[in-house]
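Data block below; observations after.
The values are calculated or read from the model by the stated rules, or taken from the named source; none is laboratory data. What you see is a predicted model, and the numbers here were worked out from it, not measured in a lab. Cβ coordinates were reconstructed from backbone atoms using ideal geometry, including for glycine residues, and neighbour counts include every protein chain displayed.
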Amino acid sequence: MELIPTGIPSLDKALNGGFSRGSTILLAGNPGSGKTHLAIHVLYNNMRRGLKGVYVSFAETKKQFYRNALQSGIDLSKMEGVNLFRFYDMLTVPKDELEGMIAFLIDDIVEFKPDIIVFDSVTVFGQMFGEEYLRSFLHSIIGRLVNAFDALAILIDEIPYGEKRVGFGLEEFVVDGVIVLELERMGEVIRRYLTIPKMRGRPLKRAAYEYVITDRGLEVLAIPELEFTESEAPKSRLKTGILGLDELLGGGLYEGSITLIAGPTGSGKTILALNLASNLSKSGKKVLYIAYEESLAALRDTLEKLGLEENFRIVSMVPEGRTPVEYYALIKDLIEKEGFDVLVIDSLSAMESHMDEKEFIKAVRYLQLLTKEKGVTFVLTYITGSTYKLATTGFSTLVDNLIFLTYDVPERVGESLKRHILVLKARRSRNDPTLKDFTIGEGGIRIE
């Protein structure tokens with residue numbers, strides 16, 4: 001079965017290669033969900049490789065459509081000039097002339113012999129002529145165009161906010177596949193979901209994805225399957241460069257391991273994470289440091305005292321600015337493009353405050369699977385109470401090493417704050433479970 005790819009790698013992967021030739025796809029969604037944007041990119045990506053496309057619009061004039069496409073870097077007039085594209089403006093046709101125009105439209109498309117036909121939208125057409133005429137018209141298009149030329153037809157359907165119905169029941173009758181684009185508000189962020197409730201004859205691994213709109217179309221945010229996988233035995237250890245810490249960990253951190261630094265506010269989590277990351281960068285490792293709470297200026301000031309290396313990159317993020325899956329996709333992209341060996345996230349608590357517990361655990365799990373897959377050493381911080389029990393234990397089982405920091409508040413005037421460190425867990429290591437004192441100085445952390 002020959003496929004017509006969308007030309008968007010992440011979406012083609014979700015569709016197991018693209019759409020089948022000779023199929024009719026219903027693309028439904030709320031206003032602003034990206035339906036037209038996606039359809040334009042599918043057309044353009046295929047016209048660039050020589051296929052012919054047609055766009056029938058009841059929603060925009062030709063001038064509006066071409067101008068909007070140009071904003072995404074798509075020059076449809078150029079494609080029209082080389083006879084790869086035709087646009088049919090049905091919006092400006094008087095209603096009493098529409099039936100005659102539709103007859104001409106079908107004949108003209110038959111003569112053009114396109115590979116892809118987009119009809120925007122079945123919603124407007126159904127409102128103008130009724131469902132019975134709409135179905136008759138679609139059967140005519142499918143019979144004369146899709147089947148005759150082995151073409152791909154994409155029917156766009158507008159779903160009003162608050163409604164669940166899709167395509168006047170079309171998904172049960174004339175279409176081979178259904179893709180639904182949905183919007184959900186999550187705090188100040190709009191989360192976008194792509195679901196595939198129907199795709200005849202195509203085995204799909206999963207039916208729902210989160211997506212974002214880019215100038216390349218829709219990017220499906222592929223996340224790893226939440227399955228338990230037994231990781232390979234670590235091959236080498238990384239020295240932390242912090243006096244006394246390697247001994248507590250049983251020899252240092254295994255490459256590709258996950259280390260959680262937990263403790264109350266003010267216990268030294270950020271300085272320990274920075275100290276550790278700085279030392280690893282000095283040893284030649286490429287470090288990505290994601291900061292959610294500390295300012296870049298404050299972090300750089302601390303790093304200059306520790307010794308800032310060129311292969312140390314700090315990225316500041318606003319926790320409520322993106323969804324968890326968007327964060328995963330962004331971090332994955334950074335790791336793959338720049339080849340980081342070490343990832344530090346400071347702190348998980350900032351992420352947790354903007355999502356429910358189940359979503360938070362899943363977000364941490366995604367990052368765990370990503371770093372294990374890439375062999376990246378992962379260090380993260382988390383705020384807890386003053387005891388050695390994590391308030392949220394759901395993700396503590398996902399880490400290899402668990403370092404807890406705490407302190408004693410001075411009881412008398414003139415006494416100093418006393419900080420303590422305890423390695424509660426070090427997987428595959430004989431760690432020292434002794435509670436130790438530590439100090440923070442100009443050169444970083446020193447364990448007594």
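For the stretch 344-363: of the residues being touching a helix residue (DSSP H, G or I) at 6+ places or on another chain (Cβ under 6 Å) and at pLDDT 85 or above, which is nearest to His420 (Cα to Cα)? The residue in question is Asp346. One residue is enough: does the stretch 314-322 have a residue meeting the conditions within 19 Å of Ser396 (Cα to Cα) and either modelled with pLDDT of 75 or more or in a loop (DSSP other than H, G, I, E, B) (or both)? Checked the stretch 314-322: no residue is within 19 Å of Ser396 (Cα to Cα) and either modelled with pLDDT of 75 or more or in a loop (DSSP other than H, G, I, E, B) (or both).
Tallying residues that are closer than 24 Å to Phe378 by Cα, charged (D, E, K, R) and not in a loop (DSSP other than H, G, I, E, B) within the stretch 420-448 yields 3.
Against the definition (at pLDDT below 95 and either in a strand (DSSP E or B) or in the same structural domain as Glu210 (by TED's automatic domain parsing) (or both)), how does Asn83 come out, yes or no? For Asn83, the condition - at pLDDT below 95 and either in a strand (DSSP E or B) or in the same structural domain as Glu210 (by TED's automatic domain parsing) (or both) - is not met.
Based on what the data block shows, is Phe149 in contact with a Phe, Trp or Tyr (Cβ under 9 Å, 6 or more places away or on another chain) and more than 14 Å from Ser57 (Cβ to Cβ)? Judged against the criteria, Phe149 is not a match. For the stretch 148-186, the candidate set comprises residues that are assigned to a helix (DSSP H, G or I) and loosely packed, with under 14 Cβ neighbours inside 10 Å; within that set, the residue that is modelled with the highest pLDDT is Ala148.
Every residue, every condition in (1) part of a loop (DSSP other than H, G, I, E, B); (2) surrounded by 17 or more Cβ atoms within 10 Å (Cβ to Cβ), yes or no:
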| position | (1), (2) |
| --- | --- |
| Gly256 | yes, yes |
| Ala273 | no, yes |
| Lys305 | no, no |
| Asp333 | no, no |
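Looking across the stretch 406-424, the residues that are in contact with a Pro (Cβ under 9 Å, 6 or more places away or on another chain) and within 19 Å of Gly251 (Cα to Cα) come down to Leu422, Val423, Leu424. For the stretch 86-105, a residue qualifies if it is among the aliphatic types (A, V, I, L, M) and not in a helix (DSSP H, G or I), and the qualifying residues are Met90, Leu91, Val93.
One line per residue, one yes/no per condition, for (1) more than 24 Å from Arg21 (Cα to Cα); (2) among the hydrophobic types (A, V, I, L, M, F, W, C):
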site: Lys63; (1), (2): yes, no
site: Arg86; (1), (2): no, no
site: Phe104; (1), (2): yes, yes
site: Val110; (1), (2): no, yes
site: Met128; (1), (2): yes, yes
site: Ser136; (1), (2): no, no
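Cβ separations smaller than 8 Å between residues 6+ apart or across chains give the following pairs from the stretch 332-346 residues that are in contact (Cβ under 8 Å) with a residue 24 or more places away in the chain and under 21 Å from Glu293 (Cα atoms) to residues that are of a type in the set (D, E, K, R) and crowded, with 23+ Cβ neighbours inside 10 Å: Asp346/Lys269. Restrict the check to the stretch 27-43 and report whether at least one residue is touching a residue at least 12 places away in the same chain (Cβ under 8 Å), within 23 Å of Gly81 (Cα to Cα) and hydroxyl-bearing (Ser, Thr, Tyr). Yes, the conditions are met somewhere in the stretch 27-43.
In the stretch 409-419, of all residues being loosely packed, with under 10 Cβ neighbours inside 10 Å and of a type outside the set (Gly, Ala, Ser), the one that is nearest to Thr377 (Cα to Cα) corresponds to Val409.
With a requirement of 1 or more residues that are surrounded by fewer than 16 Cβ atoms within 10 Å (Cβ to Cβ) and at pLDDT 80 or above, the strands (runs of 3 or more DSSP E) lying completely within the stretch 187-231 that satisfy it span 189-199, 208-214. Note on the stretch 110-132: residues that are part of a helix (DSSP H, G or I) and within 23 Å of Val178 (Cβ to Cβ) amount to 10. Mind checking whether some residue in the stretch 364-379 is crowded, with 22+ Cβ neighbours inside 10 Å, over 19 Å from Leu280 (Cβ atoms) and of a type in the set (A, V, I, L, M, F, W, C)? Looking for residues that are crowded, with 22+ Cβ neighbours inside 10 Å, over 19 Å from Leu280 (Cβ atoms) and of a type in the set (A, V, I, L, M, F, W, C), one finds at least one in the stretch 364-379, hence yes.
The single condition among (1) surrounded by 22 or more Cβ atoms within 10 Å (Cβ to Cβ); (2) in contact (Cβ under 8 Å) with a residue 60 or more places away in the chain that Leu76 does not satisfy is (2).
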